[in-house]
Amino acid sequence: MHSTHEVLCAYLTWMYIRLFGYQAPLTCTQATMIDMRTRLTGISPAFTGNATFVVNTAKVRAGDSADKIAAAIHQGLALYKQKPSPLLEQLIS
């Protein structure tokens, strides 16, 4: 099951590919922002500031369906969604 965020990102990626007329075998990289507040140790639960990080979540081919793009995004976000996320800890340090 994909989150609303993953489905929306997939749809926008799919539409941009169509808008710019990209065609297979072109590969595109999809990037998204994630909230790090609950994923990094050391950030207080009371922190109300902006704690976002941009990650490349998926490589997709022009011509992929929005559902296939959503699945790639879901898979690409898996390690970032852990609470805490060792991958984010590594990238930030």
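Every number in this text was worked out from the coordinates using simple rules, so none of it is lab data. Everything quoted here is computed from the prediction, not taken from an experiment. Note: ideal-geometry Cβ built from the backbone for every residue, glycine included; neighbour counts use all protein chains shown.
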Task: Protection-proxy order for peptides 49-55, 11-17, 70-76, each taking the mean of Cβ atoms within 10 Å per residue, highest first - done: 70-76, 11-17, 49-55
Task: Residue-span extension gain [Ala62 to Arg18] - 0.36 nm each, minus C-alpha spacing - done: 15.0 nm
TODO: Would you kindly state how much longer the chain becomes between His5 and Phe47 on full extension, computed as 0.36 nm times their sequence separation minus their alpha carbon distance, in nm to one decimal?
DONE: 12.9 nm
Task: Over the chain, relative contact order from alpha-carbon pairs under 8 Å, at least 6 apart, % - done: 36 percent
Task: Label corresponding to Rg and Dmax of the Cα atoms in Å when calculated from the structure given, among (i) 13.4, 45; (ii) 14.8, 46; (iii) 17.5, 54 - done: (ii)
Open item on the list: Between 0 and 90 degrees, rounded to the nearest ten: what's the tilt of helix 4-19 against the longest Cα principal axis of the chain?
Closed with: 40 degrees
- [ ] Any chance you could give the angle, 0 to 90 degrees and rounded to 10, that helix 66-77 forms with the longest Cα principal axis of the chain?
- [x] 30 degrees
Task: Label-point separation in nm, Ala78 to Ser93, each point 7 Å along Cα→Cβ - done: 2.4 nm
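Mind ranking 83-93, 19-29 by how tightly packed they are, going by the mean number of other C-beta atoms within 10 angstrom, highest first? Intermediate values should be presented prior to the final figure.
Values: 83-93: 13.2, 19-29: 10.8.
Packing proxy ranking, top to bottom: 83-93, 19-29.
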TODO: Let me have the 222 nm mean residue ellipticity of the chain computed from DSSP H runs of 4+ only, each contributing -39500 (n - 2.57), with the sum over all residues rounded to the nearest 500.
DONE: -11500 deg cm²/dmol
Open item on the list: Whole angstrom only: what separates the Cα centroid of region 38-93 from the Cα centroid of region 3-31?
Closed with: 17 Å
